[in-house]
1. Just to confirm the number: angle between the C-alpha axis of helix B:6-66 and the first principal axis of chain B, 0 to 90 degrees, nearest 10?
2. Please give, to one decimal in nm, the separation of the simple spin-label points placed at A:Val17 and B:Ser32, each 7 Å out from Cα toward the Cβ.
3. Counting C-alpha atoms alone, how compact is region A:110-180: give Rg to one decimal and Dmax as a whole number, in angstrom.
4. Set Lys and Arg Cβ to +1 and Asp and Glu Cβ to -1, take the dipole of chain A about its Cα centre, and tell me which of A:Val149, A:Asn251, A:Trp179 lies farthest positive.
5. What is the distance, in nm, between label points placed 7 Å from the Cα along the Cα-to-Cβ direction at B:Thr9 and at A:Val47?
6. Counting Lys and Arg as +1 and Asp and Glu as -1, what is the net charge of the other residues whose Cβ lies under 11 Å from the Cβ of B:Leu80?
7. In whole Å, how far is the Cα centre of region B:1-53 from that of region A:236-309?
8. Using a 1.4 Å probe on the protein heavy atoms only, what accessible surface does B:Glu39 show? Give it in Å² to the nearest 10.
Amino acid sequence: MAALNRPGTDRGQLILVTGLTIAVILVALVVLLNTVIYTENLATRGVDAGGGDAIEYRATVVGSVSELIAEENAHYDEEEPPVDGVETGIETIDETLSERHLTRGAVAETRVKDGGNSVTNGSAIIWQTDDRGFINNEETDNWTVATDVTDTERFVLTVDSVNPAAGNEEPFRLVMDDWSMEIEVAGENETDGVNVTIKNASTTAIYEYGTDEMPLEVDLVDGTIESSDPTELRTIDPVPPSSVSQIGYENGDRATGTFELRSDGTPDGTNLTEYDGRDGSDPYYTHTVERVDLVIHYETTELRYTTEATVEAGESA
Amino acid sequence: MSDRAVSVTVNYVMTITITAILLSGLFIASGSLIQSQSERAIQDELDVLGERLAADLSTADRLAESADGGAAHARVSTELPRQVAGTAYSIEITWIENGENGYAELTLRTSDPEVESATRVVTTTEVTAASKLSGGDLLIEFTAENQRLEVTTA
């Protein structure tokens, strides 16, 4: 200590204190500069945490599923009815969009709520896959197809052949309340041609076709009969009613062919069975898709978004 | 002859005095400059942080709205620094209802130096938070059960 207290050894203390103080001031200025640079950086950085992408993803899913429902309901495949087609389609939409968002570092997932139980059935579709008589599953030739029909989108009968009547046998007949259509062989032989008789309570009209013009395609919504000859198109008069309490066939074993009905009525469960994926020739029915409940999930490092969305048939995307 | 060394002493004292006065002036001026610049830097940063929090609240509000009253769950993480210019700060969120909508008033504040920044963001969903949050990362969460945006510390 004696050495430190020698005269003249404390002369540098003022310079030392000054130096330290200036150093502190410089550090403080650096901290301030750092803060300013950080603030500038923060201020010019994007502020969206991914909310826009999440909402866009939701809108894309809802729009795609809406288009899917419309397409499946309009152009279903017999092997994959609309309900199955929509479920398969949603899986495809999910895979496609997931891959796209994964490249942006986001997890996007869409699934049907409650494992597929949230696909709500709409109007019934009834069809028969193979050519056969217009008879039901129990081989009964007089039977009801559907009841309480108020809106029919499509009803087409394709009649391939008609059996000649033996004795007093009644002809094949489609009955919709007091409107009916009978198709029978004009004479005693199959080669004698076919008469189509359409009548309601007050009017009766008969259309004649040659056997060589078979099959006849009767469109009951458009109200036309078209034979295999493309020039032979006739407008049905009287026109079939669009709303009926009962649609049924009588003497269905007297004609062979197929039919397709798309309506909002109630399929007669005693005569038709619901499609269950089997490969059968019996008439059966399935449903269009009315509504689908979805669970949509979107996740990034900054955002986690899960929502439920209901997409209804006919809803605009 | 006893005052022969006086001039050296006077010279020395005067040098010391003048140096001390000059340095004191430098220190005082520097301190004042740093203080004022520090306040400005803090003010700017609090403004920016308030805007970022407002943007994230707005994002969460849009996500909540997208469900249109249905089931939804949204969680947005907001990354904020713990300190601004080496000073801790607090965040106060008050939601004020105004007809169908409302707005959240975000007040970010430091105590030393005393700097305050207020930002408003209009939301359709109610915003709730603890009375005072410390600066740092936050979580904004919306659940279908609560139907409001809850801001908590991450």
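The values are calculated or read from the model by the stated rules, or taken from the named source; none is laboratory data. Just so you know, these numbers come straight off a predicted model, no measurement behind them. In this analysis, Cβ positions are derived from the backbone assuming ideal geometry, glycine residues included, and neighbour counts consider all displayed protein chains. SASA here: full protein model, heavy atoms, side chains in, ligands and nucleic acids out. Shrake-Rupley method; radii C 1.70, N 1.55, O 1.52, S 1.80 Å.
1. 0 degrees
2. 2.1 nm
3. For region A:110-180, the Cα-based Rg and Dmax read 17.7, 63 Å.
4. A:Val149
5. 7.0 nm
6. -2
7. Between the Cα centre of region B:1-53 and that of region A:236-309, the gap is 89 Å.
8. 70 Å²
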